[in-house]
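Structure, as structure tokens:
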Amino acid sequence: MDLREPVLDDRSIPHLVSRLTGDAREVARAEIALARAKAGAAMTRYRTAAVYFAVAGVLALAALIALLVGLILSLATLVGPGFATLIVIGATLGIAGVLAFAGKSRLAR
């Protein structure tokens, strides 16, 4: 068969419309499956990134706690352990308060 010649069937118009409808359904199903696959791949990528961010946050919090304990131990030689603890806690809460007010003012805008 020559590819340049048009293929003519003796099929009826309703049959061709039915076939076109079926093909359109298959294309729609394939597109939906492709979109689901892409969304699933993106979700897996985002889930992995979220786990990495969570671990990084936990490690950063542990480092901050170690820093605060080190500050308490360093100040304890100068003012005693009780006052060193109060100084470090007061400074930490002060910084947290300033950051909280800055965040609140950003939300109010």
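The values are calculated or read from the model by the stated rules, or taken from the named source; none is laboratory data. Not measured: the values here are computed from a predicted model. Here the Cβ is made from the backbone with ideal geometry for all residues, glycine too, and neighbour counts use every protein chain on show. With ligands, DNA and RNA removed, areas are computed over all heavy atoms of the protein, side chains included. Shrake-Rupley method; radii C 1.70, N 1.55, O 1.52, S 1.80 Å.
Observations, loosely collected:
- Looking at THR48, THR77, THR44, THR92, just one residue is open to solvent by 80 Å² or more (accessible area, probe 1.4 Å) and either in contact (Cβ under 8 Å) with a residue 40 or more places away in the chain or among the hydroxyl-bearing types (Ser, Thr, Tyr) (or both), and that residue is THR77.
- In this entry, ALA62 passes the filter for residues that are more than 21 Å from the chain's Cα centre (by Cα), at pLDDT 95 or above and not in a loop (DSSP other than H, G, I, E, B).
- Yes/no for ARG29 being open to solvent by 80 Å² or more (accessible area, probe 1.4 Å) and within 31 Å of the chain's Cα centre (by Cα): yes
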